[in-house]
Amino acid sequence: MYNLLKGKRGIISGALDSNSIAWKVAQRCHQEGAIITLTNAPIAMRMGEIKKLSDETKAEVIPADATNVDDLTNLFVKSQEILGGKIDFLLHSIGMSVNIRKNIPYVESNYDYFMKGIDVSAMSLHKMLSVAMKLDAMNEGGSVVALTYMAAQRTYPFYTDMADIKAMLESITRSFGYHYGKSKKVRVNTVSQSPTKTTAGTGIKGFDNFFNFADAIAPLGNATADDCADYCVTLFSDLTKMVTMQNLFHDGGYSTTGVSLDVMEKFDK
Ligand SMILES: NC(=O)c1ccc[n+]([C@@H]2O[C@H](COP(=O)([O-])OP(=O)(O)OC[C@H]3O[C@@H](n4cnc5c(N)ncnc54)[C@H](O)[C@@H]3O)[C@@H](O)[C@H]2O)c1
């Protein structure tokens, strides 16, 4: 360990179970010397899993529905009280599409579900940032990371409405990143992660095949949740203090590989 986050205070959203990317990020931030609070939707809390992570990382859990501004206000107020000062970093690790859950094809999307997906998975970042700014809850040089997927740039038919929602998430990152950078030098970036075997990931139709496909394309193979946690730690640290408003691919080289020899071999006649 490198003590990269020594003395820093953070908020980590989205740790549902030990497969969650946020779970690994919380563990790594704790190992690197940060003090943190954990948050998730009240409905996810009842599953009890998060208690294990809270014990391990000595982090209090503050329930908050990421679509609810009052909940988010409480999250930032309480986190500052508990951690003893302004927040240095925030992980947005929240994604949910009812259209995906219900297996509804993209062209037949239900619009109420679509709106819900936008609110939970993209607008929630705007709400978090807006609440943090209003409360002046983040330290100068603070860092915000949200997790995204490359379907925001290229078409993945099975990713359905989440592709459009991630495009919005990445746009909010740039738009808010400008304003928060100007006013408080707070950085806002997205990490575009490889397919990862989590509850949200495996809920996508055909996920296993796609996971294997991406792994065969990427020269380094798929990046794991643990790898993602390492990358997030660097982005929360002062070593990346001039990086903002970026969508950063963390995918073993997948996004810039046209085709791999491993995949070509499968088409040998
Ligand atoms: N798993 C993948 O393949 C993959 C790849 C790229 C990006 N991502 C992104 O990573 C992020 C984390 O997902 P994950 O793969 O770790 O899965 P996950 O299912 O473990 O995490 C998703 C989290 O979102 C939370 N959530 C849902 N609705 C919420 C609400 N209203 N308020 C607060 N929290 C809410 C869930 O409780 C859960 O903890 C998501 O944004 C996802 O899109 C995942």
Selection within the stretch 56-86 - buried (at least 17 other Cβ atoms within 10 Å of the Cβ), part of a helix (DSSP H, G or I) and in contact (Cβ under 8 Å) with a residue 40 or more places away in the chain: Leu72, Thr73, Leu75, Phe76, Ser79, Gln80, Leu83
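This table checks each residue for (1) in contact with a Ser or Thr (Cβ under 7 Å, 6 or more places away or on another chain); (2) free of Cβ contacts under 8 Å to residues at least 40 places away in the same chain.
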site	(1), (2)
Glu108	no, yes
Phe114	no, no
Tyr178	no, no
Lys182	no, yes
Thr190	yes, no
Members of the stretch 15-42 that are of a type outside the set (Phe, Trp, Tyr), within 8 Å of the ligand (Cβ to nearest atom) and in a helix (DSSP H, G or I): Ile21, Ala22
Asp251 touching a residue at least 60 places away in the same chain (Cβ under 8 Å), acidic (Asp, Glu) and buried (at least 19 other Cβ atoms within 10 Å of the Cβ): yes
Options Met138, Met128; residue that is surrounded by 19 or more Cβ atoms within 10 Å (Cβ to Cβ), more than 13 Å from the ligand (Cβ to nearest atom) and at pLDDT 95 or above: Met138
Residues that are within 25 Å of Ala167 (Cβ to Cβ) and either away from the ligand (no atom under 12 Å from the Cβ) or more than 16 Å from the chain's Cα centre (by Cα) (or both), drawn from the stretch 209-226: Asn209, Phe210, Phe211, Phe213, Ala214, Asp215, Ile217, Ala218, Asn222
Scope the stretch 106-125; condition more than 10 Å from the ligand (Cβ to nearest atom) and either modelled with pLDDT under 95 or charged (D, E, K, R) (or both); matching residues: Glu108, Asp112
Filter pass, Asp88 being in contact with a Gly (Cβ under 7 Å, 6 or more places away or on another chain), more than 12 Å from the ligand (Cβ to nearest atom) and more than 17 Å from Thr173 (Cβ to Cβ): yes
Qualifying position, being buried (at least 17 other Cβ atoms within 10 Å of the Cβ), touching a strand residue (DSSP E or B) at 6+ places or on another chain (Cβ under 6 Å) and aromatic (Phe, Trp, Tyr), among Phe89, Phe114: Phe89
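Select from the stretch 1-14 the residues that are closer than 18 Å to Thr148 by Cβ and of a type in the set (Gly, Ala, Ser) and write down the one among them that is farthest from the ligand (Cβ to nearest atom). Steps first, please.
Residues of the stretch 1-14 closer than 18 Å to Thr148 by Cβ: 12-14.
Narrowing the set further to residues that are of a type in the set (Gly, Ala, Ser) leaves 13-14.
On the way: Ser13: 6, Gly14: 4 Å.
The extreme case among them is Ser13.
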Failed condition for Ile36, given (1) surrounded by 22 or more Cβ atoms within 10 Å (Cβ to Cβ); (2) modelled with pLDDT under 95: (2)
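Within the stretch 141-163, track down each residue that is part of a helix (DSSP H, G or I), out of contact with any Gly (no Cβ under 7 Å at 6 or more places or on another chain) and within 13 Å of the ligand (Cβ to nearest atom). Walk me through how you get there before you give the answer.
Going residue by residue through the stretch 141-163, those that are part of a helix (DSSP H, G or I) are 150-152, 157-163.
Still in the running and out of contact with any Gly (no Cβ under 7 Å at 6 or more places or on another chain): 150-152, 157, 159-160, 163.
Those that are part of a helix (DSSP H, G or I), out of contact with any Gly (no Cβ under 7 Å at 6 or more places or on another chain) and within 13 Å of the ligand (Cβ to nearest atom): Met150, Ala151, Ala152, Tyr159, Thr160, Ala163.
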Odd one out for Phe211, checked against (1) touching a His at 6+ places or on another chain (Cβ under 7 Å); (2) more than 25 Å from Ile11 (Cα to Cα); (3) not small (Gly, Ala, Ser): (1)
Criterion (in contact with a strand residue (DSSP E or B) (Cβ under 7 Å, 6 or more places away or on another chain), more than 8 Å from the ligand (Cβ to nearest atom) and basic (Lys, Arg)) met by exactly one of Arg174, Arg187: Arg187
Candidate set from the stretch 164-195 (those that are part of a helix (DSSP H, G or I) and hydrophobic (A, V, I, L, M, F, W, C)); member that is surrounded by the fewest Cβ atoms within 10 Å (Cβ to Cβ): Ala167
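The values are calculated or read from the model by the stated rules, or taken from the named source; none is laboratory data. Remember, it's a predicted structure, so these values are computed and weren't measured experimentally. Note that each Cβ is placed from the backbone with ideal geometry, even for glycine, and that neighbours are counted across all protein chains shown.
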